[in-house]
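First comes the structure, then the notes that go with it.
Every number here is computed from the coordinates shown, using simple stated rules; none is lab data. Because the structure is a prediction, the values reported are computed rather than measured. Every residue, glycine among them, receives a Cβ derived from its backbone with ideal geometry; neighbour counts consider all protein chains shown.
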There are 2 protein chains.
Amino acid sequence: MTHVIRPVLVIILLFACVVIPPNALSANKAEQPLMTTAQQLFDPIPLTIPYPEGDFYFDEKIELGKLLFFDPRLSQSGNVSCHSCHNISLGGADGRSTSIGHQGRTGIRNSPTVFNSLFQIAQFWDGRSRNLFEQAAGPMTGELEMATSDPQVCHLLSSVPGYVELFDEAFADRENPLCFTTIREALAAFESTLITPNATFDHFLRGDCNALNDKEKQGLALFVELACATCHMGINVGGNGYYKFGVKKSPALKYRPVSDRGRQEIITTVEDDYVFKSPSLRNVSLTAPYFHSGSAWLLTEAVTVMADVQLDKQLTLEQQHLLVQFLKSLTGEQPHIVLPALPPLSTLSPRPNS
Amino acid sequence: MTHVIRPVLVIILLFACVVIPPNALSANKAEQPLMTTAQQLFDPIPLTIPYPEGDFYFDEKIELGKLLFFDPRLSQSGNVSCHSCHNISLGGADGRSTSIGHQGRTGIRNSPTVFNSLFQIAQFWDGRSRNLFEQAAGPMTGELEMATSDPQVCHLLSSVPGYVELFDEAFADRENPLCFTTIREALAAFESTLITPNATFDHFLRGDCNALNDKEKQGLALFVELACATCHMGINVGGNGYYKFGVKKSPALKYRPVSDRGRQEIITTVEDDYVFKSPSLRNVSLTAPYFHSGSAWLLTEAVTVMADVQLDKQLTLEQQHLLVQFLKSLTGEQPHIVLPALPPLSTLSPRPNS
């Protein structure tokens, strides 16, 4: 995988995909440059997840993490779970502009999908957590989300015999199998399994010329031509770098409210004003609304705004359509998740508080 | 199944299970009266659900209803689904005293389990809906729950091509395949599949003398002896009649607040003051807290209160323990549910409102 767009390749690509009439693209010969370029910019979602070397209990961690992910009792009200905002049935997000958490409070940023989050450079819109393990602490203890605390979560889980047993199994090699560290490790293990392989785009990346139809190929060519792939590349077609939202123009306040300065809030440099991690575009057609503000409900709207403010390009209706066709080819197989039965509380368990 | 306790049988049972020392109960001969009595009072959960005769699209209705059940976009905020309060992972209930619905509002009654609800005489604590079809309308349109309306739900679903297709398939024989009637029919079809067969008690009811251990058998004998089965009988060990909460004594205000008069609120006769449908005791060890008020967190507390206010009996610690052991034998196989992928909204879809 190459992390920069090579101008020469783009020129070759344009020759093949834009100058040549679209219907000629179905010929294998003409497609080769497009596929080669795509293969240099993007990688397919792997078919299986990478297991940490030497972790003999990783399957147990995944199973335990799955229970934790679906357990609303980890929240102060007993009503909010990881799954509330990262809904497996809704592309790993929640279909709202901003999520609803503890006592009906709303957050300020759109819930990013948990799917394929393993492949991101960091977690959260501002990348303030380096990985899924660090990320797991945020929503649990966030006042707008699950509104609990490290000791509360540990106390609750320690009071549930069914959980104690599972922690003992998954962390048999640890001195303290049930603690806030192992809770987050288990959550991260489960979340790392939530990948969506076998999108039609993945089949194309693996060499199947016919996986994408002509419109999707034209959309891919345009995606590269416009330089969308500058920020949206790699396995996740995004999620691997930080970029200003508004490179060429300031977006409308609706899309980029002044109340959220992105990475500047955690790094406090002028350069980081309105800088966010580029989101993954995997399964993007399932995860409206878009942007950190969750303010664009339609993919055509999102691509139009991005072309305008990031690239100073005004898309034609045909171009919007082609880009959306390509983006829809990024929808992979959704995770196959059987809902777990959660272990019942005990006489010692704290009760929900709301 | 016999819906009244026959005094003669109880006397025989007492002779077999109470007068005879508990350890003698393991002999098949001594057990026969207990099993016979149990078989006359209760029925096992069937292994498969009954399909409506002549409905050639019932499987399609079940699949569609499953999507609807898990879809939070049916609520006004896009945040509350049927599953929010009837959580498959939490015994079909939500583990709170009262549920949290639209904008963080709480209801007044404990969320009853959706599991085995098909076998109940009616739905809701006060039985105000005759069946699951009627019930489905309540939470969708309730201001404290999903806070939407018939036209809103129909409008939303009609805007989603993926749903329109599924309604066309599941209700191919209807003039209007997508309407508030068919929405509720599909939900009821899915919910009717949420049964929990093969509890150890079911194996006992089917003739396996060894399915229950000695303590569970003593608990069952006590359950019958005390006349708990007057209100908790049949397939669901409850859920098949209406009874005053406080037959012999008024329960503490904590358990029976004056603000909730039960069926009197819908029927307005003096006789129906504090009258509720007896809840099913199936999977009861998974669905704390208990009572319509969700005010008893422990099974020992619940059985103690019930014996006191319904029967004017003071349970010993040993009796509490035996009853709880029996009640735990009512936990069946939990439904095996793979989370569905919900169809994405379209450009025409209304957006969540909160």
Okay, helix-only estimate at 222 nm for chain A: each DSSP H run of n ≥ 4 adds -39500 (n - 2.57), divide by all residues, round to 500 deg cm²/dmol; what do you get? -10000 deg cm²/dmol
Taking the Cα centre of chain B as the origin and placing charges on Cβ (Lys, Arg +1; Asp, Glu -1), which of B:195, B:331, B:155 is farthest toward the positive end of the dipole? B:331
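Placing +1 at every Lys and Arg Cβ and -1 at every Asp and Glu Cβ, with all other atoms neutral, what dipole size does the range B:58-191 have around its Cα centre, in debye to the nearest 20?
On the way: 10 positive and 17 negative charges, 128 e Å.
In debye, rounded to 20, the range B:58-191 gives about 620.
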Per-copy distances of the residue B:270 label point, shortest first, in nm (7 angstrom along Cα→Cβ): 8.3
Dipole size in debye (nearest 20) for chain B around its Cα centre, Lys and Arg Cβ +1, Asp and Glu Cβ -1? 1140
Among A:217/A:277; A:248/A:277; B:215/B:328, which pairs are too far apart, with a Cα-Cα distance over 21 Å? A:217/A:277
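Let me know the mean shielding of B:206-217 by other chains, meaning the per-residue number of their Cβ atoms within 10 Å of its Cβ. Could you put the intermediate results ahead of the total?
Values: counts 0, 0, 0, 0, 0, 0, 0, 0, 0, 0, 0, 0.
Mean inter-chain Cβ contacts per residue within 10 Å come to 0.
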So who's got an amide H within less than 5 Å of the one on residue B:296, skipping anything under 5 residues away but keeping other chains? H placed 1.01 Å off N, in plane. B:290
With the label set 7 Å along Cα→Cβ, residue B:206 is separated from its counterparts in the other copies, in nm and shortest first, by 4.2
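Across chain B, how large is the tail of the calculated P(r) beyond 37 Å, expressed as a percent of all Cα pairs?
On the way: 14896 of 62481 pairs.
So the pairs more than 37 Å apart make up 24 percent of the total in chain B.
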Run through the other copies and list how far each one's label point is from that of residue B:164, in nm with one decimal, shortest first; the point sits 7 Å from Cα along Cα-Cβ. 5.6
Kirkwood hydrodynamic radius (Cα pairs, Å) of the protein assembly as shown? 27.8
Which trypsin sites (Lys or Arg not before Pro) in the range A:232-300 pass both tests, a DSSP loop state and at most 14 other beta-carbon atoms within 10 Å? A:248, A:249, A:254
Along the axis that rotates chain A into chain B, which residue of chain A has the nearest beta-carbon, and what is the gap in whole Å? A:104, 1
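Report the relative contact order of chain B, percent, no decimals, based on alpha-carbon pairs under 8 angstrom and at least 6 residues apart. List each step's numbers first, then the result.
Numbers: 664 pairs, mean separation 84.5, N = 354.
Rounded, it is 24 percent for chain B.
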Bins of 5 Å from zero: percent of alpha-carbon pairs in the range B:58-191: 2, 11, 21, 25, 21, 13, 6, 2, 0
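Report the GluC sites (Glu not before Pro) located in the range A:36-97 that are in a DSSP loop and have at most 15 other Cβ atoms inside 10 Å of their Cβ, or state none. Don't skip to the end; give the middle numbers.
Details: sites: A:53, A:60, A:63; in loops: A:53.
Here the sparse-neighbourhood loop sites are A:53.
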Amide H neighbours of residue A:145 under 5 Å, at least 5 residues apart or on other chains, H built in the peptide plane: list them. A:102
